[in-house]
Structure formats: structure tokens, C-alpha cells
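Heads up, the thing below is written out as C-alpha cells.
The values are calculated or read from the model by the stated rules, or taken from the named source; none is laboratory data. Remember, predicted model here, so these are calculated numbers, not experimental data. Note: ideal-geometry Cβ built from the backbone for every residue, glycine included; neighbour counts use all protein chains shown.
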Amino acid sequence: MPKSQSTAFRPVDLARRHGLSAQAIRNYEQDGVIPPAQRTASGYRAYEERHMVAVSAFLALASAYGHGPAGVIMRAVLGGDLEVAFTTIDAGHAALIRDRETLAAVEATAGLLTQPPPAAALGLPAGAPTLELPAGGLTPQQPAGRGLPVGALAHRLGVTPATLRKWEEAGILVPARDRASQQRLYSADDVRDADLAHLLRRGGYGLAHIATVLRQVRSAGGADSLASSLAEWRTRLTGRGQAMLTAAARLAEFLAQA
């Protein structure tokens with residue numbers, strides 16, 4: 001039979017229920033994500049059932065939205081500012097929607113893996129020649145031809161040139177170099193790979209993983225690795241959606257008690 005609202009819980013009682021340490025419970029109280037405890041005559045913390053529910057709500061929110069937003073939500077609820085709490089929740093749902101749209105874009109882009117984009121993708125006029133890299137890449141003796149400079153590609157993706165250089169260091173991009181100026185020049189295939197890398201980064205993948213994916217899709221193996229990554233990404237998004245449902249239920253339970 002559950003303990004009544006007036007029954008006192010120790011920090012260790014809340015901790016055991018949620019698989020935490022007693023110090024974690026004290027930290028949550030200090031951070032303002034659960035209500036402050038009552039104090040016994042001897043100065044010990046005495047929690048109630050609503051504190052149990054508050055810890056459950058915070059952990060569910062953290063799983064769904066991250067610890068930072070979960071803290072914002074719980075502090076806003078405890079402070080009586082439901083507008084801030086619900087706005088933060090809405091932002092989390094909006095981010096999930098964007099990620100679902102991004103996943104759809106990646107899946108659509110995956111069909112281009114065997115079809116390099118037209119010259120227009122490089123900002124070149126229709127019919128303009130584009131650089132075609134051989135399997136082993138360009139050597140210093142090979143002419144660079146026409147390609148997109150680093151600044152233009154960075155602007156196209158909405159990233160910084162330093163980001164593109166990091167991707168190059170990670171093996172995600174392998175741009176050619178102009179023999180005279182040593183300027184990076186990105187071919188149509190490079191632009192395609194940069195688009196895929198940008199979308200996969202939005203999906204939460206690390207640089208090493210993306211480099212592996214792009215190496216594999218550039219090799220004879222085709223797009224199997226990318227298809228597997230997209231399936232894993234969709235599973236993670238589904239998990240986030242389910243976590244948000246659980247968080248909503250836990251938060252509603254706490255609001256009902258409060």
C-alpha cells in the first residue's frame with residue numbers, strides 16, 4: 001500500500017525508488033527541480049509523495065528533452081510559470097518535428113547517391129563542366145577544373161569554412177586543390193557528400209560515423225550503410241517521441257498533486 005502524502009520519506013527513500021544516490025536527490029532540491037523538503041525537529045529532510053512524483057517527472061522530462069530543458073520546465077512549474085514550462089516543451093516538440101523533416105530529406109537525398117547533382121548545384125550555368133574525381137582522388141599533376149570554393153560551399157550549407165575543414169580532417173570530404181593557389185575546390189560529388197554530412201549531423205551522428213558512411217557509399221558497397229543509419233535514426237526519433245509521451249504523463253501527475 002503506498003505511503004500517504006503526510007508520510008515522510010528520507011532522501012535515500014526517493015533515491016532507491018528511482019535508482020539514484022541520496023546526494024542526487026539533495027542536488028535536485030538545491031537546483032530547484034523538486035520542491036524543497038520539510039525539516040524534522042532534528043534538521044533532517046522529510047519528503048512527501050509529491051516529491052516522489054516530482055523526481056519521476058524530472059527524470060522523464062530529462063529523458064525526453066535533456067537535463068537543461070527539464071530543469072527549466074520543473075523550475076517554471078514550481079514557480080507557477082506554466083507559460084515558460086509549456087513554451088519549453090513546445091520547443092522540444094518543434095525540434096523533433098524538424099528532425100523528422102530532416103530525416104525525410106536525408107531519405108530523399110539518398111536517392112541521389114548514384115546520381116551526381118547537376119551543374120546548378122555548384123552554382124554553375126547549365127551545361128557547365130564539373131569536376132569528376134577518379135576513385136583515387138586528384139593528384140597534384142591533375143588539373144583541378146571547375147569547382148565550388150570553400151566559402152561558397154560553407155554559405156550554401158549555412159556552416160563556417162572551419163566546419164568544412166574539420167569534415168575534411170575527419171575524412172568526410174576530400175576536395176581537390178587548385179595546383180596554383182592550393183585553394184580547395186568542391187566538385188558536384190563533394191557537394192552531394194557535404195549535403196549528406198550536414199543532414200546526418202542534424203541527426204546526431206558523430207564525424208567518425210559520418211565519415212564511415214560516406215566512405216562506404218562512395219565504395220562499391222553502395223548505400224546500404226546509409227540505409228542502416230537512417231533506420232537507426234528513425235528508431236531514435238521514435239524513442240524520443242515515446243519519451244515525450246511518458247514525460248507528459250509524469251508532469252501531468254505532478255501538476256495534479258500540486
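Per the conditions (1) modelled with pLDDT of 60 or more; (2) outside the structural domain of residue 24 (by TED's automatic domain parsing), the sole criterion not satisfied by residue 88 is (2). A residue that is aromatic (Phe, Trp, Tyr), over 29 Å from residue 233 (Cα atoms) and out of contact with any Asp or Glu (no Cβ under 6 Å at 6 or more places or on another chain) can be found somewhere in the stretch 31-50. Close Cβ contacts (under 6 Å, 6 or more residues apart or on different chains) running from residues in the stretch 58-72 that are in the same structural domain as residue 91 (by TED's automatic domain parsing) to residues that are aromatic (Phe, Trp, Tyr) and surrounded by fewer than 19 Cβ atoms within 10 Å (Cβ to Cβ) are absent.
Residues in the stretch 101-112: is at least one among the polar types (S, T, N, Q), modelled with pLDDT under 95 and under 30 Å from residue 214 (Cα atoms)?
First pass over the stretch 101-112, keeping only residues among the polar types (S, T, N, Q): 102, 109.
From what is left, the residues that are modelled with pLDDT under 95 are 102, 109.
After this cut, where a residue has to be under 30 Å from residue 214 (Cα atoms) as well, the list is 102, 109.
Scanning the stretch 101-112 turns up at least one residue that is among the polar types (S, T, N, Q), modelled with pLDDT under 95 and under 30 Å from residue 214 (Cα atoms).
Do we have any residue at all in the stretch 205-215 that's of a type in the set (Gly, Ala, Ser) and farther than 28 Å from residue 239 by Cβ? No, that holds for no residue.
Taken together, the residues in the stretch 10-49 that are in a strand (DSSP E or B) and either within 36 Å of the chain's Cα centre (by Cα) or not assigned by TED's automatic domain parsing to the domain that holds residue 67 (or both) amount to 1.
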